[in-house]
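The values are calculated or read from the model by the stated rules, or taken from the named source; none is laboratory data. What you see is a predicted model; the values in this text were computed from it and never measured. Note that we place each Cβ from the backbone using ideal geometry, even for glycine, and neighbour counts take in every protein chain shown.
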């Protein structure tokens, strides 16, 4: 059965399902019927029953957090976010562009924690940031002349239906 691809597991719901199965097994309900009632494969119920027999109800409780613990605390993340919002120039860079390498250097400078530049994007995504590219504009660009052209010349030149 399992979860469809991309769907995160809800550990509280999974634990409740195992404990419901444990209660049914203790009431004398056959494993196949328990599997139907809780919506899992019969082999899962068999595995749970074996674990409960060896270690009791505690074997069916959730194990806690899955995966590696985060390297940065919530306060460190806020510290980094605040530093990023100040802009690169406030941290000694000559341009107003945050690159992955610059962000990795900032994280190390602020927290002492080294992030590989290839993984910095995960942190930025958690802040709700996305990849942006500055618009390339000529230094000689004359905004007033462009506005005048759009307002006066373009309507005159444009084809009429």
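Restricting attention to segment 109-134, and to residues there that are closer than 19 Å to residue 75 by Cβ and over 21 Å from the mean Cα position of the chain (by Cα), which single residue is surrounded by the fewest Cβ atoms within 10 Å (Cβ to Cβ)?
Only one residue tops the list, namely 112.
Cβ contacts < 7 Å: first residue exposed (fewer than 15 other Cβ atoms within 10 Å of the Cβ), restricted to segment 68-96; second residue modelled with pLDDT under 90 and in a loop (DSSP other than H, G, I, E, B), any location; separation 6+ or different chain. Result?
87/96; 89/96
Could you list, in sequence order, all residues of segment 53-97 that are in a loop (DSSP other than H, G, I, E, B) and under 20 Å from the mean Cα position of the chain (by Cα)?
64, 65, 66, 67, 68, 69, 70, 71, 72, 73
Within the group 29, 40, 34, which residue is assigned to a loop (DSSP other than H, G, I, E, B) and touching a residue at least 12 places away in the same chain (Cβ under 8 Å)? Show your work before the answer.
Values: 29 fails: touching a residue at least 12 places away in the same chain (Cβ under 8 Å); 34 fails: assigned to a loop (DSSP other than H, G, I, E, B).
Going through 29, 40, 34 in turn, the sole match is 40.
I'm trying to understand the selection: among the residues of segment 98-122, which are part of a helix (DSSP H, G or I) and either within 13 Å of residue 85 (Cα to Cα) or not assigned by TED's automatic domain parsing to the domain that holds residue 84 (or both)?
103, 106
Here is a yes/no grid of residues against (1) in contact with a helix residue (DSSP H, G or I) (Cβ under 9 Å, 6 or more places away or on another chain); (2) closer than 18 Å to residue 14 by Cβ:
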{"position": "41", "(1), (2)": "yes, yes"}
{"position": "44", "(1), (2)": "yes, yes"}
{"position": "49", "(1), (2)": "yes, yes"}
{"position": "55", "(1), (2)": "no, yes"}
{"position": "60", "(1), (2)": "yes, yes"}
{"position": "79", "(1), (2)": "yes, no"}
{"position": "86", "(1), (2)": "no, no"}
{"position": "91", "(1), (2)": "yes, no"}
{"position": "96", "(1), (2)": "yes, no"}
